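Okay, so here's the structure we're looking at.
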Amino acid sequence: MGYKDILVFLDGSLDNNARMELAFSLARAHGARLTGVDVDAAAAFEGDWAERARSLAEAFHTGANGAGLQVRFKIADRDTADWKDFYAHYADLVIATQPNPEASGRILSGVPERVLMTSGAPMIVLPQGWRPQPVGNEVVIAWSPSAQATRAVHDAMPILARARKVTAFAFDPPADSEDADLEMLREHLLAHSIKVDVDKWEDAGDLSPIEALFASPALEGADLIVAGAYSHSRFREALFGGMTKSLLRQFSLPVLVSH
């Protein structure tokens, strides 16, 4: 099953154009309808954001028309912040940008964290200041045998199926009598015609899992990380605790994450 409905959050920030460009690219690649949702708060229409905030609909439609896309434009309810979780319930994939403290009060609260927690839709989160470039050619899966990582992998299947290279990174992978976890993941993805390399990082006590991930050769050339919440004992299970929280605050690559 591919992505047929993609949603992108729009706002008056300087990161908005890069976010739209990725949304246009993914919608075109997957033949998906694209929904743009204006999540600016009232404060965005004052000061240096005002012109960009007022021109969101025009910029979105102009770009979408140039890409030949079927689109919808919605304005999130600025008075009821949780109304239908900003239309994310009706999307196969949501595109957002890493939380920016400087945007506090200008973007509706709950974007993107609470939307990810409550909508049930996977989300690609872009780093602040990210410049448009291809996403999904070389993908690293931050793997653990957990419900969250399994969900993230399956939510990423349409991207993994198109990738040139997929690597599964496992920090201190669990072992049983057959050491079967990573081999079974490899076989599972191969059943979907997805070949995957494996990168095991043994825990020597000198690096945390997030530090090991970013030190791994697997990330060289990568343009997307697929991550659930690690179930490793050194990390909290909560979605925005442990590894996932570190990714959302420190990463330099787009991350596809699920809850």
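Answer yes if at least one residue in region 230-251 is at pLDDT 85 or above, in the same structural domain as residue 152 (by TED's automatic domain parsing), outside any helix (DSSP H, G or I) and not charged (D, E, K, R), and no otherwise. Steps first, please.
Just the residues of region 230-251 that are at pLDDT 85 or above, to begin with: none.
No, region 230-251 contains no residue that is at pLDDT 85 or above, in the same structural domain as residue 152 (by TED's automatic domain parsing), outside any helix (DSSP H, G or I) and not charged (D, E, K, R).
Tell me which residues, restricted to region 94-129, are charged (D, E, K, R) and either under 13 Å from the mean Cα position of the chain (by Cα) or over 20 Å from residue 256 (Cβ atoms) (or both). Write out each step before concluding.
So the first thing to find is which residues in region 94-129 are charged (D, E, K, R), and the list is 102, 106, 113-114.
Scanning region 94-129 gives 102, 106, 113.
How many of the residues making up region 89-114 are out of contact with any Lys or Arg (no Cβ under 9 Å at 6 or more places or on another chain), assigned to a helix (DSSP H, G or I) and either surrounded by fewer than 18 Cβ atoms within 10 Å (Cβ to Cβ) or without any contact (Cβ under 8 Å) to a residue 40 or more places away in the chain (or both)?
4
Could you check region 188-211 and list, in sequence order, the residues that are outside any loop (DSSP other than H, G, I, E, B) and either modelled with pLDDT of 90 or more or of a type outside the set (A, V, I, L, M, F, W, C) (or both)?
188, 189, 190, 191, 197, 198, 199, 200, 209, 211
If you check residue 150 against the conditions, is it polar (S, T, N, Q), over 13 Å from the mean Cα position of the chain (by Cα), part of a strand (DSSP E or B) and not assigned by TED's automatic domain parsing to the domain that holds residue 16? Step through it out loud before you land on a result.
On the way: polar (S, T, N, Q): yes; over 13 Å from the mean Cα position of the chain (by Cα): yes; part of a strand (DSSP E or B): no; not assigned by TED's automatic domain parsing to the domain that holds residue 16: yes.
So residue 150 fails the test.
Quick check on region 165-178. Is at least one of its residues at pLDDT below 95, of a type in the set (A, V, I, L, M) and in contact with a helix residue (DSSP H, G or I) (Cβ under 7 Å, 6 or more places away or on another chain)?
Yes; the residues of region 165-178 include at least one that is at pLDDT below 95, of a type in the set (A, V, I, L, M) and in contact with a helix residue (DSSP H, G or I) (Cβ under 7 Å, 6 or more places away or on another chain).
To keep it simple, each residue is scored yes or no on (1) outside any helix (DSSP H, G or I); (2) under 22 Å from the mean Cα position of the chain (by Cα); (3) crowded, with 19+ Cβ neighbours inside 10 Å.
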{"site": "24", "(1), (2), (3)": "no, yes, yes"}
{"site": "27", "(1), (2), (3)": "no, yes, yes"}
{"site": "35", "(1), (2), (3)": "yes, yes, yes"}
{"site": "49", "(1), (2), (3)": "no, no, yes"}
{"site": "59", "(1), (2), (3)": "no, no, no"}
{"site": "65", "(1), (2), (3)": "no, no, no"}
{"site": "73", "(1), (2), (3)": "yes, yes, no"}
{"site": "87", "(1), (2), (3)": "no, yes, yes"}
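The values are calculated or read from the model by the stated rules, or taken from the named source; none is laboratory data. The model shown is predicted, which means the values in this text are computed figures rather than measured ones. Every residue, glycine among them, receives a Cβ derived from its backbone with ideal geometry; neighbour counts consider all protein chains shown.
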